[in-house]
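Down below is the structure, laid out as structure tokens.
The values are calculated or read from the model by the stated rules, or taken from the named source; none is laboratory data. Quick caveat: nothing in here was measured; it's all calculated off a predicted structure. Backbone-built Cβ (ideal geometry, glycine too); neighbour counts: all protein chains shown. Ligands, DNA and RNA are excluded from the accessible area calculation, which covers all protein heavy atoms including side chains. Shrake-Rupley method; radii C 1.70, N 1.55, O 1.52, S 1.80 Å.
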Amino acid sequence: MKSQQIRQTFIDFYKSKQHEVVASAPMVMKNDPTLMFVNAGMNPFKEYFLGINESKHNRITDSQKCLRVSGKHNDLEEVGVDTYHHTMFEMLGNWSFGDYFKKEAIAWAWELLTEVYKIDKDCLYVTIFEGDASEKLDRDTEAYDYWKEFIAEDRILNGNKKDNFWEMGDQGPCGPCSEIHVDIRTPEEKAAVDGATLVNEDHPQVVEIWNLVFMQYNRMANGSLVDLPAKHVDTGMGFERLAMVMQDVKSNYDTDVFTPLIREIETITGHSYGKTEQEDIAIRVIADHVRAVSFSIADGQLPSNNGAGYVIRRILRRAIRYGFTYLNKKEPFIYMLVNTLSKQMGDAFPELKSQKNLILNVIKEEEQSFLRALDSGLVLLDSMITSAVSESKNTIDGNKAFELYDTYGFPIDLTALILREKGMELDEAGFDKAMAAQKSRSRAASETTTSDWTELRKDDAQEFIGYDKQEANVHITRYRKVTTKKDGDMYQLVFNMTPFYGESGGQTGDKGYLESTSGDTVYIIDTKKENGQTVHLTKNLPKNLDGSHRVVVDANQRHRTSSNHTATHLLHQALRKVLGDHVEQKGSMVRSASMRFDFSHFAKVTPEQLQEVENFVNARIREQLPLEENRSNTYDAAVEDGAMALFGEKYGRSAYY
Ligand code: SER
């Protein structure tokens, strides 16, 4: 089965079980301060698990783009070295929000694997949670009992908290899980070593393919577990691993998800896959990383110097460095793979096709600048070596190597390799010390502690009324304290309804104030959207949290900000008219005093073109067009009517299947 068909079969199966099919959410997280990237298929649904909002559908299925390179789930260092970890991968998932639970989740997973995909039952093992005394959690006998209807009991294995209790992060929804593992070793290998002893032992051919999580708890800031308002199912199957099983190969990289990229790397570099371990690792690293970087750029996250952009830059640099060192590529070449990738995946993920030129150009430019930095680093390292030799030293000081790494981005393993070739040594302990000192400095600067929410009222989901009103009488439904090194103690308040616009779509959040009936006033210094709710930031808590409060938006500021927001859309239209339809918005920052608009175009905009853009925007403003609103339009109908969907927008997520 080709990978396209494998994906489609999964989706069709759950569609037949009354699941709503949705498209993958963007891989770059916009709305959750605890995450930079989607690292599991369930992230975009967190608000439903926590009961903050209600999903329109209680069963959903999709193939979600995930990236595991930072935070709790981080696979970066394994990638390329082994044959079954990836930075970016697809997670096939099915979800129940307060609907079916363990029984159906288990029965359907088994039916799909053994009857639809026809995977041999004798290759499969399942695990269940063995319980954990310190958490006061019992063994999951319920899951065990369901499994034993399908699979021999000696193939149902107990798993500990690390493997069989899934948590999204340090806080948030979690629960016991049941994993499905597959043993694709040869019959001789199976006869020699019992597969059950290899489950969860990092064997490349005895791997987990699917995780069924039974979400029922919320992990609180103090580490305790509390019951979620309802029980849910969250499953995630590794698409690339499933392809490995279905295509009867021994490595994810031998499936048709990767072979077209690998063939192209061989052609471009003249190195063959399958010859030496080092070159194979380099080829796998590049094939994997070009996907992660391309999908991120398509989702609007370009490489940059900080935050999510810096993570993407580091991934790309890791690929460049492997190409430089092991495939001897001193010129940009990774960008050339984007054509192949877009041909291969563009049907399932159309953003790769529509953004191809941008992806290609961004990668090329990054390659050029990092290769230049490597060149300067080499010169500097050379002078360090010369001066060490002149002092009859055989070692390069750890602090100096760290400076090279920190200031010039020069990779430490490359420094070590070059030194080894010259018969010299790196002061590794000194380097590690300098690195640790820097990490602890930056950790201290960015440390944030967030308390749990204190619930004051169980109101319905919060309502946004800010398109029509700028003042309202509201109740505070929940609040919590957030402490950062920079700002000290702050409070986040949620109301039952709010006229405050939370930062989104590049527009900064509203400011204003809250006044209690006693006359006590606190300023709302910012408003953000988080997991589907609008959160108001204050320096102090109102003295009396109960009762009704009058909240008032700073109307002048909102008016100027929303005018600037409208201006970004006019500017976008003007740029497309003057420069061409390839222009896409890549980001924006809209404040009350000014706005910034990032867009993709490959040449410098000429003064004449700028003038034309300006004239177009001013003419539209002067037309004073009357406001026409279609608030209840669906996403698809709006696009049909000519509305423009911007990168990375989740909206109602229509499906492409
Ligand atoms: N959330 C689970 C995982 O990532 C199942 O989707 O493994």
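Here's how it looks for Ile524: its modeled amide H is under 5 Å from those of Gly512, Tyr513, Leu514, which are all 5 or more places away or on a different chain.
Under a 5 Å amide H cut-off, with hydrogens placed 1.01 Å from N, Lys329 pairs with Phe324 among residues at least 5 apart or on other chains.
Extension gain, Lys161 to Lys148, is 2.5 nm, computed as 0.36 nm per intervening residue step minus the present C-alpha separation. Lys469 sits among other residues whose Cβ lies under 13 Å from its own Cβ, and their net charge, with Lys and Arg +1 and Asp and Glu -1, is -2.
When peptides 439-447, 223-231 are sorted by average Cβ neighbour count within 10 Å, with the highest value leading, the order is 223-231, 439-447. Amide H contacts under 5 Å for Asp132: Leu137, Asp138, restricted to partners 5 or more places along the chain or on a different chain, H placed in the peptide plane at 1.01 Å from N.
3J(HN,Hα) along segment 237-247: 10, x, 4, 5, 6, 4, 4, 4, 5, 5, 9 Hz, from the Karplus curve 6.51 cos²θ - 1.76 cosθ + 1.60 with θ = phi - 60°, whole Hz, x for Gly and Pro. For segment 376-393, the Karplus equation 6.51 cos²θ - 1.76 cosθ + 1.60, evaluated at θ = phi - 60°, returns couplings of 5, x, 4, 4, 5, 4, 4, 6, 5, 5, 4, 6, 5, 4, 5, 8, 6, 9 Hz by residue, with Gly and Pro reported as x.
Dipole of the chain computed with +1 at Lys/Arg Cβ and -1 at Asp/Glu Cβ about the Cα centre; of Leu327, Ala429, Gly587, farthest Cα towards the positive end is Gly587. Where both bridge residues fall in the chain, DSSP classifies roughly 90% of the beta bridges as antiparallel. Its Cα centre serving as origin, segment 448-574 has a Cβ charge dipole (Lys and Arg +1, Asp and Glu -1) of approximately 300 debye.
For segment 3-249, the square roots a ≥ b ≥ c of the C-alpha gyration tensor eigenvalues yield an a/c under 1.5, which makes the shape rounded. The mean sequence separation of alpha-carbon pairs under 8 Å and at least six residues apart, normalised by the residue count of segment 528-621, gives a relative contact order of 23 percent. Over all other residues within a Cβ to Cβ distance under 10 Å of Asp526, the charged ones net out to 0, with Lys and Arg as +1 and Asp and Glu as -1.
Between Val482, Val494, Thr521, the Cα set farthest toward the positive side of the dipole of segment 471-530 (charges on each charged residue's Cβ, about the Cα centre) is that of Val482. The relative contact order of segment 450-553, computed from alpha carbon pairs under 8 Å that lie at least 6 residues apart in sequence, is 29 percent.
Would you mind getting the accessible area per residue of segment 3-249, heavy atoms of the protein chains only, 1.4 Å probe, in Å²?
39
Each Lys and Arg adds +1 at its Cβ and each Asp and Glu adds -1 at its Cβ; summed about the Cα centre, segment 3-249 shows a dipole of about 820 debye.
Positive end of the dipole of the chain (Cβ unit charges, origin at the Cα centre): among Thr186, Asn53, Phe402, the Cα lying farthest that way belongs to Phe402. In whole Å, how far is the Cα centre of segment 416-435 from that of segment 342-380? First find each Cα centre; the distance between them is then 30 Å.
Between Asp194 and Asp248, the FRET efficiency estimated from the beta carbon spacing at R0 = 25 angstrom works out to 0.70.
Highest mean packing first, where packing is the average number of other Cβ atoms within 10 Å per residue, the peptides 24-30, 332-338 line up as 24-30, 332-338. Total Lys pairs in segment 441-530 closer than 30 Å by alpha-carbon, pairs eight or more apart in sequence or interchain only? Lysine pair count for segment 441-530: 20.
Once you order the gyration tensor axes a ≥ b ≥ c over the Cα atoms, which shape class does segment 419-520 get: rounded for a/c under 1.5, otherwise prolate or oblate by comparing a/b with b/c?
prolate
This model, with +1 at the C-beta of Lys and Arg and -1 at the C-beta of Asp and Glu, gives the chain a dipole about its Cα centre of some 1780 debye. Other residues whose C-beta falls under 12 angstrom from the C-beta of Gln18 contribute a net charge of 0, scoring Lys and Arg +1 and Asp and Glu -1. Under the simplified labelling scheme, the Ala444-Lys485 pair shows an inter-label distance of 0.6 nm, with each label point 7 Å from Cα along Cα→Cβ. Per-residue 3J(HN,Hα) values for segment 264-273, derived from phi via the Karplus relation 6.51 cos²θ - 1.76 cosθ + 1.60 with θ = phi - 60°, read 5, 5, 4, 4, 5, 9, x, 9, 9, 7 Hz in sequence order (x marks Gly and Pro).
DSSP assigns beta bridges within segment 450-553; of those with both partners inside it, close to 90 percent run antiparallel.
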